[in-house]
Amino acid sequence: MAQRNPSQERITSAKIGLITTRLNLNTDQAPQFWAVYNEYTDKKMAIRQNLRKLRIQNTNLNATDDEVKDALNQMLVFRQNEVDLEKEYMTKFLKTISPKQLAELYKTEQDFTKLLLERLEDRRPADKDGRRDEKRDKE
C-alpha cells in the first residue's frame, strides 16, 4: 500500500473508528470483516483512480470525436466495474456480518463522506461577506 500522509492517516483512523462503533462488530466478526473491507476499499479505490485519470484525459479539447467517445465508453466500463464490485462484496460481507450491519456500513460510509466534506467546507476561508462558496449559492 502507498505511503499516506498524516492527514490521510487521521481520516482513515476516524473512519475505522466510526465503522467499528456503528457496526458493533463482535470479536468473531471483526477480523474477518476488516480483511474483506480492506480488500474491497483497495479495489474500489483503484477503480475510482482509473475513473479520475480518464476524466482528466477527457479535458483534452484537442481530442477527436472518436477519442472522446472511446473515453466515455471506458468511463461506463469503470462504473460498471464498480457496480460489479459492489455485488461481489455484498456477498462476501454477508458471510461475516448481518444484512442490517451491511446496511449500516453503507449508511456510515455515506455519513462519513458527508461529515468530511462539511469539515472541509468549514475550513475554507470565507469571502468579505462571510460566504464560503458563491457558486453553490447560485445553484
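Results, tabulated for the structure shown:
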read-out	value
Index of the failed condition, Thr64 passing every other in (1) in contact with a helix residue (DSSP H, G or I) (Cβ under 9 Å, 6 or more places away or on another chain); (2) over 30 Å from Tyr106 (Cα atoms)	(1)
Test: residue in region 102-123 that is out of contact with any Leu (no Cβ under 9 Å at 6 or more places or on another chain), assigned to a loop (DSSP other than H, G, I, E, B) and either exposed (fewer than 10 other Cβ atoms within 10 Å of the Cβ) or not acidic (Asp, Glu) (or both)	no
Filter result for Ala63 (aliphatic (A, V, I, L, M), outside any helix (DSSP H, G or I), farther than 29 Å from Arg123 by Cβ and more than 16 Å from the chain's Cα centre (by Cα))	yes
Residue match in region 76-89 (condition: touching a Leu at 6+ places or on another chain (Cβ under 8 Å), polar (S, T, N, Q) and modelled with pLDDT of 85 or more)	no
Considering residues of region 10-30 that are surrounded by 11 or more Cβ atoms within 10 Å (Cβ to Cβ), free of Cβ contacts under 8 Å to residues at least 24 places away in the same chain and not small (Gly, Ala, Ser) only, the residue farthest from Lys87 (Cα to Cα)	Arg10
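The values are calculated or read from the model by the stated rules, or taken from the named source; none is laboratory data. Predicted model, so just to flag it, every value in this text is computed and none were measured. Every residue, glycine among them, receives a Cβ derived from its backbone with ideal geometry; neighbour counts consider all protein chains shown.
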